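Single-structure report; data block below.
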Amino acid sequence: MLILITERFWAKSNVQYQPTFLYTYLNNPLLLEYQTGGLYQFINSSGHIDTRGTETNIKIGYDDFKLFLGYTFTNTRLHQNGILTNTPLTPKHRINSVLMYEVEDKWKVGLEAYYFSPQKLSDGATGKQYVLCGFMAEKLWETFSVYLNFENFLDARQTRFDTIYTGTVTNPVFRDIYAPLDGFLINGGIKFKL
């Protein structure tokens, strides 16, 4: 029985695979550096930044369903004064997935999830990993459509799993913002076709 289900699935499905490889080299990049007196200044580095990575996307379609899966690996390094360091605010791993159900000219319903791996911060600390999830639905008619969108419904916020400042409220030292701060959002609307 399992063989019949598998054969039927592959006969009715559409699978697409797209690997991408990337390399970027930036000579004398503009970097934000801390100066004395608590000030920051943009300075052209005497070194370079190189970024190596890969992005793989898979799309699987079956009847009115489409599943999009993706993985991104990014390794970004700063070469400066003979020292090699990973650049801050760049997660090495990111996974994305979107499941869509679409009846042409009638309905669109989607569920999405994104994973961000831990990342180095400018102060040398490591930011936490986090997941964002969303849901959207759209009902279409001939001249207009109505949609409802639930963004970040798991309410992933940096303030829930990490700090955005150290020190006191009256004398804060702000840290890097690497995850959402706004939390769970709902929006909706009407789209008109002209």
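Computed quantities for the displayed model
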{"quantity": "Anisotropy class of the range 77-152 from Cα gyration tensor, a/c 1.5 cut", "calculated": "prolate"}
{"quantity": "Helix 2-12 axis, angle to the chain major axis (alpha carbon atoms, nearest 10°)", "calculated": "80"}
{"quantity": "Gap separating the Cα centres of the range 19-37 and the range 121-194, nearest whole Å", "calculated": "26"}
{"quantity": "Charge dipole (debye, nearest 20) of the chain; +1 at Cβ of Lys and Arg, -1 at Cβ of Asp and Glu", "calculated": "220"}
{"quantity": "Distance (nanometres) between label positions extended 7 Å along Cα→Cβ at TRP107 and LEU89", "calculated": "4.2"}
{"quantity": "Computed over the chain: relative contact order in percent, which uses C-alpha pairs under 8 Å that are six or more apart", "calculated": "12"}
{"quantity": "Lys/Arg +1, Asp/Glu -1 at C-beta; the chain dipole; positive extreme among ILE58, GLY188, THR143", "calculated": "ILE58"}
{"quantity": "By average C-beta atoms within 10 angstrom, highest first, the peptides 34-41, 17-24, 45-52", "calculated": "45-52, 17-24, 34-41"}
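Read the figures in this text as sums done on the coordinates, not as results from a lab. The structure displayed is predicted, hence computed values, not measured ones. Virtual Cβ from ideal backbone geometry, glycine too; neighbours counted across all protein chains shown.
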